[in-house]
Amino acid sequence: MEKDEGNERGRMTAEKTLKMLKDEGVEVTLEQAEMILEFLRKLANMAVSNYLNTKDEKNSRPIRESEYR
């Protein structure tokens, strides 16, 4: 995984991920922590993109109608 040296402040790193998982009792290698972090970043990007795309659609409708919307 490539390192973005200029943007490390506040950014989740593989080392921070490894420590966080270890604190929760999950033992993984540094390489596995990098893969987990990469997957979570992709998932977050997809969720944000999906939200922004549906918000821009003029004829969008909710998946389920409710009395509150």
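Residue-wise test of (1) basic (Lys, Arg); (2) surrounded by 10 or more Cβ atoms within 10 Å (Cβ to Cβ); (3) assigned to a helix (DSSP H, G or I); (4) at pLDDT 90 or above.
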site: Thr17; (1), (2), (3), (4): no, yes, yes, yes
site: Leu21; (1), (2), (3), (4): no, yes, yes, yes
site: Asn50; (1), (2), (3), (4): no, yes, yes, no
site: Arg61; (1), (2), (3), (4): yes, no, no, no
site: Arg69; (1), (2), (3), (4): yes, no, no, no
Only one residue in Glu5, Glu27 is at negative phi, of a type in the set (D, E, K, R) and at pLDDT 95 or above, so which one is that? Glu27
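The values are calculated or read from the model by the stated rules, or taken from the named source; none is laboratory data. Please read these numbers as outputs of a predicted model, since none were measured by experiment. Quick reminder, even Gly has a Cβ in these numbers, built from the backbone with ideal geometry, and neighbours come from all protein chains shown.
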